[in-house]
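Accompanying notes for the structure given below.
The values are calculated or read from the model by the stated rules, or taken from the named source; none is laboratory data. Just so you know, these numbers come straight off a predicted model, no measurement behind them. Note: ideal-geometry Cβ built from the backbone for every residue, glycine included; neighbour counts use all protein chains shown.
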Amino acid sequence: MKYSGLYHIPIAHNTPEASTTVLNALIHSIETKFDLAVRQLPWSLTHRLLRSVPPPTAQSPLPQSYQHILQLSYLNPSQTYCYIHPFSAIHPSHPANPQIKPDPSPSTTQQPQASAAPGTIISIPVSQSEAHIGFLVNQLSPLWAFRHALNVVNGPAYATGQFVIHLGDLRASRPGSASVTSTSGIVVCISTAIEDDDDDDDDLRDSGYMSLDGEVEEEIDLGEAQAQIRALWIMLKEGVEFGKAEPREYMMSKELVKGEREKEAVVRMWCELLRLRS
């Protein structure tokens, strides 16, 4: 089993040059501080966010839901994950998980852990992604409106000991400006292995359908994994200049279970970050 933490570093000047500088500094930090770090194959991310459209008869603003179309190559290069992110799971007043421990790094802002609130994730073949998005935007336009597109292309990745580190420059485009991109910051995902006696029984194949019913099948003590991820992050960012930007932290849900639900937790974690970049 693997557990992951995700960090987003906003770029003050919102320029590609500034984001490249930060990304190169983090790469240099890995290669100089971790002697055993081994470069891995590059990874990619493609994310499309749609927002629910209120009915024309609505007398007052209604809560909005979001639909994520996410391709994450290191999770499964042949699958696209479609996640309907209900309003109840992302309400601004939703409290932070009280079990989150204070981050020893004062310059990192913790976000609430991606919860296992009711919602639905389906997986479809990557080859069907554009057709699916076109169907939602064109045929279901009374229900869904395109919000933004985010991408990571050829992101560097490293393996060092029990950790795998994925880094990427998150680029954004909006409706009507598909050819114009701006940086949405740097993302750093740190994954660590978790010992589990039943790992040999895990089946990580995509079934094509997953239901998030909010039920907790198994709870695992992830405090040590979170502490290890935070310790590595502190070491990694030491000496790297972020300016006035304050990195934000996202952790996988505490309601982690094995098999396909582990992938769901990864998808929810990424979608929580990517929704907030809109």
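So here's what we get for this one:
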quantity: Where a residue in region 241-262 is modelled with pLDDT under 80 and in a loop (DSSP other than H, G, I, E, B) and its partner, wherever it lies, is among the charged types (D, E, K, R) and crowded, with 18+ Cβ neighbours inside 10 Å, with Cβ under 8 Å and at least six apart; calculated: Leu256/Glu262
quantity: Some residue of region 211-231 being of a type in the set (Lys, Arg), modelled with pLDDT under 85 and on the phi < 0 side of the Ramachandran plot; calculated: no
quantity: Subset of region 6-49 [of a type in the set (A, V, I, L, M) and farther than 21 Å from Ile229 by Cα]; calculated: Ile11, Ala12, Ala18, Leu41, Leu45, Leu49
quantity: Residue count, region 13-65 (criterion: assigned to a helix (DSSP H, G or I) and not charged (D, E, K, R)); calculated: 15
quantity: The lone exception for Tyr158 - which of (1) out of contact with any Phe, Trp or Tyr (no Cβ under 7 Å at 6 or more places or on another chain); (2) assigned to a helix (DSSP H, G or I); (3) crowded, with 16+ Cβ neighbours inside 10 Å it fails; calculated: (2)
quantity: Conditions (1) within 29 Å of Val240 (Cα to Cα); (2) at pLDDT below 90: number failed by Ser191; calculated: (2)
